[in-house]
Every structure is written in C-alpha cells, then in structure tokens.
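S.K.: For reference, the structure I am asking about is given below.
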Amino acid sequence: MIVKYLKQQLRQHRLRRAGVVDIATPEQISISGWSLWPEHIRADSIVYSFGVGDNIGWDLEMIRRFGARVHAFDPTPASIAWVARQRLPRQFVFHDFGISDFDGVLDFYPPRRQGSTHYSQERRSGPFDRSQPVPGRVRRLATIMQKLGHRRIDVLKIDVEGAEFEAIPDWIASGIEFDQLLIEIHYQFHSRSFRMGLELVQRLKDYGMQCVHASQRGFEFTFLRRGLDKMRRQASVQRRAA
C-alpha cells in the first residue's frame, strides 16, 4: 500500500512539474471515478464510451443523470459476452468493435489477472507468456461517426489499454470535433513511456483542448475544448435573459 501511494505521489509530482493541468474548473463532478464538466450535457448530447470491459457504471450514470444515449464500444469476446448477459436501458447502445487508426482486425492479448476483461493490443505478461491473442474488429473514429451519422461528439470517454496512442493522432488528422475528452493514458506500459504520454497530451493541447483534471492515480485526464466553458456560460445567461 505504501509503495502504491509513493508511486502515485511521484506521478503527480511529474505531472505538476510538466504543467499538464492547464486550469481546474470548479464545476466538475465525479462519475464512477471520472471527472466530468456537466454544464453542456443534455439528453440529445452525443456520448461515446470506448473500452467497456465489464464495467458500465459511468455509462449508466450518464443515462440516469442526463438522459443521454451512450454509444459504448468493445471488440473483445469477454466483454461482448458480458454485455449480452446484462439487462440494459435502451439508451445504452453497444457496438462490438473498438477504436484504432485503421479499419480491420487487431489482435488483443488476454489480461494477466484471471477473470479480467482488460484485453490489450500489448502483451503485458512478459516474453515467456504463451497466451494466444484473440481477434477483434476495430474502426477509425471517422468511420464510426460516419456510420452512426454524427458530425461531432459532446463527450468522448476512452479507456482502451494503450490503443489511444494510435487512435488520437488519427482523430486529429481527421479534424474530428469533440467538446470533452475523458481518457486514461497508459504511459506505464512497457512499450510506452512518461515522455510519450506527455507528447500525446501536447498533441491534444495543440488541437485546441485544455487539460482541466488529472486523477490521483495520474493516468486519467479530462480535457475540454478551449473556450467551451465560456461559450456555454454566455449561452446560459442569454437563455435566462430571454
């Protein structure tokens, strides 16, 4: 427990030193451990959630609190089977494919912990692991949005065990607009690094996003499109004045 705490403190120190969080908005709320700015979320908001696993607490709370339809995505057989066993509200729309920078099939390696649904495109159990990957369908975000008829996204949550490093540059290159991004950045993986995590953060900032929250663990981040909070407040004032 002490070692875990010290690691978290070290990550927080490194993030502060790197100036990752630009500004903290006091209006944020926590939903299933994810920090969210709720001001602009309505029943007709476009909400995407990548990386279901066996935990849809965030998705269900978004439905309960805002009445929003949540499009949830996961390509791994364990997650697909788990979702099929659940009794879910109609606003929860599940898609049995994941996110990447291409349309096709990707190999996903099983998790180290027995019973976990956290499959990853990275083999995390070391060079002597003989577990076999399972294939899963993946799509570019631009392809997914075109299929669903969406031109922009209000809230995008992504926890995809390292695939964010390939997916996000593709979003940016495609010019996709999203107002709010909730993301876990897996810079602790063997094939990644803290520097690579910072580079991904900077790419988002260069794309017009600002970081408004970093979790205590130092892996989860919330980004808002720059100026979004001011625009929403002005719109709210105008509606009250009318």
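S.K.: Among the residues of the range 4-28, which ones are hydrophobic (A, V, I, L, M, F, W, C) and either closer than 16 Å to residue 222 by Cα or within 22 Å of the chain's Cα centre (by Cα) (or both)? So that I can check it myself, show each step before the final result.
M.R.: First pass over the range 4-28, keeping only residues hydrophobic (A, V, I, L, M, F, W, C): 6, 10, 15, 18, 20-21, 23-24.
Selection gives 15, 18, 20, 21, 23, 24.
S.K.: Take the residues in the range 34-50 that are more than 21 Å from residue 100 (Cα to Cα) and aliphatic (A, V, I, L, M), then tell me which one is surrounded by the most Cβ atoms within 10 Å (Cβ to Cβ).
M.R.: Applying the first criterion (more than 21 Å from residue 100 (Cα to Cα)) to the range 34-50 yields 34-45.
If we keep only those that are aliphatic (A, V, I, L, M) as well, we get 36, 41, 43.
On the way: 36: 23, 41: 19, 43: 10.
For the range 34-50, the residue satisfying everything is 36.
S.K.: Could you say which residue among 191, 236 is small (Gly, Ala, Ser), in a helix (DSSP H, G or I) and either open to solvent by 50 Å² or more (accessible area, probe 1.4 Å) or at pLDDT below 95 (or both)?
M.R.: When all the criteria are applied, what remains is 236.
S.K.: Can you confirm whether residue 201 is part of a helix (DSSP H, G or I), at pLDDT 95 or above and either within 13 Å of the chain's Cα centre (by Cα) or not basic (Lys, Arg) (or both)?
M.R.: Here the answer is yes, as residue 201 does meet what is asked.
S.K.: So which residues in the range 76-100 are touching a helix residue (DSSP H, G or I) at 6+ places or on another chain (Cβ under 7 Å), open to solvent by 40 Å² or more (accessible area, probe 1.4 Å) and under 20 Å from residue 66 (Cα atoms), if there are any at all?
M.R.: Listed by number, the residues that qualify are 89, 91, 94.
Residues are listed down the side, and each one gets a yes or a no for (1) of a type outside the set (Ser, Thr, Tyr); (2) touching a His at 6+ places or on another chain (Cβ under 7 Å); (3) modelled with pLDDT under 95; (4) open to solvent by 40 Å² or more (accessible area, probe 1.4 Å):
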| site | (1), (2), (3), (4) |
| --- | --- |
| 130 | yes, no, yes, yes |
| 147 | yes, no, no, yes |
| 177 | yes, no, no, yes |
| 184 | yes, no, no, no |
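S.K.: Quick check: is even one residue across the range 223-233 at pLDDT 95 or above, touching a helix residue (DSSP H, G or I) at 6+ places or on another chain (Cβ under 8 Å) and open to solvent by less than 50 Å² (accessible area, probe 1.4 Å)?
M.R.: Yes, there is a match, as at least one residue in the range 223-233 is at pLDDT 95 or above, touching a helix residue (DSSP H, G or I) at 6+ places or on another chain (Cβ under 8 Å) and open to solvent by less than 50 Å² (accessible area, probe 1.4 Å).
S.K.: Name the single residue, out of those in the range 106-118 being in a loop (DSSP other than H, G, I, E, B) and open to solvent by less than 50 Å² (accessible area, probe 1.4 Å), that is modelled with the lowest pLDDT.
M.R.: This residue is 116.
S.K.: Identify the residue in the range 51-75 that is in contact with a helix residue (DSSP H, G or I) (Cβ under 8 Å, 6 or more places away or on another chain) and either of a type in the set (Lys, Arg) or closer than 18 Å to residue 109 by Cα (or both) and, among all such residues, is most open to solvent (accessible area, probe 1.4 Å).
M.R.: Of everything passing the filter in the range 51-75, 69 is most open to solvent (accessible area, probe 1.4 Å).
S.K.: Please indicate, with yes or no, whether at least one residue in the range 86-96 is of a type in the set (Lys, Arg) and in contact with a Phe, Trp or Tyr (Cβ under 8 Å, 6 or more places away or on another chain).
M.R.: Among the residues of the range 86-96, not one is of a type in the set (Lys, Arg) and in contact with a Phe, Trp or Tyr (Cβ under 8 Å, 6 or more places away or on another chain), which makes the answer no.
S.K.: Among the residues of the range 81-91, is any at positive phi and more than 17 Å from the chain's Cα centre (by Cα)?
M.R.: no
S.K.: Among 103, 159, which is open to solvent by 40 Å² or more (accessible area, probe 1.4 Å) and in contact (Cβ under 8 Å) with a residue 40 or more places away in the chain? Before you say what the answer is, go through the steps one by one.
M.R.: On the way: 159 fails: open to solvent by 40 Å² or more (accessible area, probe 1.4 Å).
Being open to solvent by 40 Å² or more (accessible area, probe 1.4 Å) and in contact (Cβ under 8 Å) with a residue 40 or more places away in the chain holds for just one of 103, 159, which is 103.
The values are calculated or read from the model by the stated rules, or taken from the named source; none is laboratory data. Bear in mind that the values here come from a model prediction, so they are computed numbers and not experimental data. Glycine also receives a Cβ, built like all others from the backbone with ideal geometry; neighbour counts cover every protein chain displayed. These area figures cover heavy atoms from the full protein model, side chains too; ligands, DNA and RNA do not enter into them. Shrake-Rupley method; radii C 1.70, N 1.55, O 1.52, S 1.80 Å.
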